[in-house]
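*Asks:* Before I ask anything, here is the structure I am working with.
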Amino acid sequence: MHPIERLRYVARSHGGDQRLLVRETAGALRGLGLDPAGLVVACRRIVERHPTSGPLWWLCSSVVAAAAPFEVAGRLADRIEDDPTPEVLIDSLPADATVTVLGWPDLAGEALIRRGDATVLTIDVGGEGMSFARRLQRNDIEAEVVDAAGLGAAVLASDVVLIEALACTSGQVLAIQGSLAAASVAYAAEIPVWLVAGRGRCLPQQTFDVVIDRAVTSTVLPWHAETDALPIELCSDVVRDVALLARVDAGPALVPECPLAPELLRVSPM
């Protein structure tokens with residue numbers, strides 16, 4: 001596929017596996033071989049199209065700040081492809097646990113399929129919960145689709161709630177719609193909430209503030225936003241690529257994974 005077509009594919013895609021988006025974007029940028037100015041424009045347009053994707057902000061911020069941007073793009077694509085966060089989650093989940101997730105989480109979803117012994121209550125957000133439940137059932141995993149109205153009851157029936165970060169800092173998380181409600185119910189009921197924060201999700205504070213503004217704050221009616229911002233204090237533990245960490249000890253593992261790239265925080269002229 002021509003690099004221009006790969007970038008168009010990335011621009012048209014909505015949601016999907018973040019690792020695939022990073023790999024396709026990195027390949028397209030390397031194939032185009034743009035000069036520095038063109039690279040900034042391309043990366044800015046990518047994050048404008050995918051404002052909630054922490055991994056794409058991670059990739060693009062790292063690329064535009066690098067002396068050898070195309071080498072960095074290839075290295076980061078390999079790094080996110082080899083993200084061991086699912087393995088950490090597989091090793092950490094209790095045996096035969098009842099787990100609540102929202103939608104179809106990339107990393108947590110992979111871990112639950114490979115682990116195989118959990119009962120999964122999947123909250124149907126954006127129609128993804130039904131699709132994920134079917135995938136689980138095809139793998140002989142017990143799964144139940146829960147309408148958003150039953151979110152609280154599902155959380156109360158769970159051993160652990162998994163919240164997958166789209167992006168985060170050491171103090172705040174951006175996650176799929178419904179995550180704030182699920183984490184709040186679990187926190188009040190003293191049910192463990194595990195934040196699944198894979199590679200490329202931890203951003204500089206200034207970058208994260210722009211992500212929140214574009215994803216949540218700028219929405220005319222906040223309850224129409226497709227994402228939630230929640231304080232990390234609602235989470236009991238953090239699943240990173242190194243280990244399952246108690247949230248109070250996770251600060252050093254949640255430092256920004258990319259440099260601040262002010263060029264990407266401006267909106268492209270029409």
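The values are calculated or read from the model by the stated rules, or taken from the named source; none is laboratory data. Note that the structure is a prediction, hence the values are computed from the model and not measured. Note that each Cβ is placed from the backbone with ideal geometry, even for glycine, and that neighbours are counted across all protein chains shown. For accessibility, only protein heavy atoms count, side chains too; no ligands or nucleic acids. Shrake-Rupley method; radii C 1.70, N 1.55, O 1.52, S 1.80 Å.
Every residue, every condition in (1) within 25 Å of Thr227 (Cβ to Cβ); (2) assigned to a helix (DSSP H, G or I), yes or no:
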| position | (1), (2) |
| --- | --- |
| Leu21 | yes, yes |
| Gly38 | no, yes |
| Cys43 | yes, yes |
| Pro55 | yes, yes |
| Trp58 | yes, yes |
| Glu71 | no, yes |
| Arg79 | yes, yes |
| Pro94 | no, no |
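*Asks:* Quick check on region 192-209. Is at least one of its residues touching a strand residue (DSSP E or B) at 6+ places or on another chain (Cβ under 8 Å), open to solvent by 30 Å² or more (accessible area, probe 1.4 Å) and either touching a residue at least 24 places away in the same chain (Cβ under 8 Å) or not acidic (Asp, Glu) (or both)?
*Replies:* Going residue by residue through region 192-209, those that are touching a strand residue (DSSP E or B) at 6+ places or on another chain (Cβ under 8 Å) are 192-198, 201-203, 208.
From what is left, the residues that are open to solvent by 30 Å² or more (accessible area, probe 1.4 Å) are 192.
Checking which are either touching a residue at least 24 places away in the same chain (Cβ under 8 Å) or not acidic (Asp, Glu) (or both) leaves us with 192.
Checked region 192-209: at least one residue is touching a strand residue (DSSP E or B) at 6+ places or on another chain (Cβ under 8 Å), open to solvent by 30 Å² or more (accessible area, probe 1.4 Å) and either touching a residue at least 24 places away in the same chain (Cβ under 8 Å) or not acidic (Asp, Glu) (or both).
*Asks:* Let me spell it out: the conditions are (1) under 20 Å from the mean Cα position of the chain (by Cα); (2) over 19 Å from Ala183 (Cβ atoms); (3) open to solvent by less than 40 Å² (accessible area, probe 1.4 Å), and Asp82 meets all of them except one. Which number is the exception?
*Replies:* All conditions pass for Asp82, except number (3).
*Asks:* On the basis of being open to solvent by 60 Å² or more (accessible area, probe 1.4 Å) and touching a strand residue (DSSP E or B) at 6+ places or on another chain (Cβ under 6 Å), does Leu180 make the cut?
*Replies:* yes
*Asks:* Moving to a separate point now. When Glu110 is evaluated against the numbered criteria (1) closer than 24 Å to Arg201 by Cβ; (2) surrounded by fewer than 16 Cβ atoms within 10 Å (Cβ to Cβ); (3) among the charged types (D, E, K, R), which criterion, by number, is the only one it fails?
*Replies:* Only one criterion in (1) closer than 24 Å to Arg201 by Cβ; (2) surrounded by fewer than 16 Cβ atoms within 10 Å (Cβ to Cβ); (3) among the charged types (D, E, K, R) is unmet by Glu110, namely (2).
*Asks:* If I filter region 221-270 down to residues being of a type in the set (Asp, Glu) and within 17 Å of Val47 (Cα to Cα), which single residue comes out as surrounded by the most Cβ atoms within 10 Å (Cβ to Cβ)?
*Replies:* Ranking the qualifying residues of region 221-270, first place goes to Glu257.
*Asks:* Here is a further query. Being over 16 Å from Leu230 (Cβ atoms) and crowded, with 17+ Cβ neighbours inside 10 Å is the filter; apply it to region 149-163 and report the residue that is nearest to the chain's Cα centre (by Cα).
*Replies:* So the residue we want is Val160.
*Asks:* Could you check Leu166 against (1) within 15 Å of Val99 (Cα to Cα); (2) in contact with a strand residue (DSSP E or B) (Cβ under 6 Å, 6 or more places away or on another chain); (3) open to solvent by 40 Å² or more (accessible area, probe 1.4 Å) and say which number it fails?
*Replies:* If we test Leu166 against (1) within 15 Å of Val99 (Cα to Cα); (2) in contact with a strand residue (DSSP E or B) (Cβ under 6 Å, 6 or more places away or on another chain); (3) open to solvent by 40 Å² or more (accessible area, probe 1.4 Å), just (1) comes out false.
*Asks:* Something else about it: Could you go through region 213-226 and let me know if any residue there is in a loop (DSSP other than H, G, I, E, B), of a type in the set (Gly, Ala, Ser) and in contact with a strand residue (DSSP E or B) (Cβ under 6 Å, 6 or more places away or on another chain).
*Replies:* There is no residue in region 213-226 that is in a loop (DSSP other than H, G, I, E, B), of a type in the set (Gly, Ala, Ser) and in contact with a strand residue (DSSP E or B) (Cβ under 6 Å, 6 or more places away or on another chain).
*Asks:* Of the numbered conditions (1) of a type in the set (Lys, Arg); (2) under 16 Å from the mean Cα position of the chain (by Cα); (3) within 19 Å of Ser184 (Cα to Cα), Arg247 satisfies every one except a single condition; which is it?
*Replies:* Among (1) of a type in the set (Lys, Arg); (2) under 16 Å from the mean Cα position of the chain (by Cα); (3) within 19 Å of Ser184 (Cα to Cα), Arg247 violates only (2).
*Asks:* Can I ask one more? Quick check on Gly74: is it out of contact with any Asp or Glu (no Cβ under 9 Å at 6 or more places or on another chain), more than 26 Å from Gly129 (Cα to Cα) and either at pLDDT 90 or above or open to solvent by 30 Å² or more (accessible area, probe 1.4 Å) (or both)? Steps first, please.
*Replies:* On the way: out of contact with any Asp or Glu (no Cβ under 9 Å at 6 or more places or on another chain): yes; more than 26 Å from Gly129 (Cα to Cα): yes; either at pLDDT 90 or above or open to solvent by 30 Å² or more (accessible area, probe 1.4 Å) (or both): yes.
Criteria met by Gly74.
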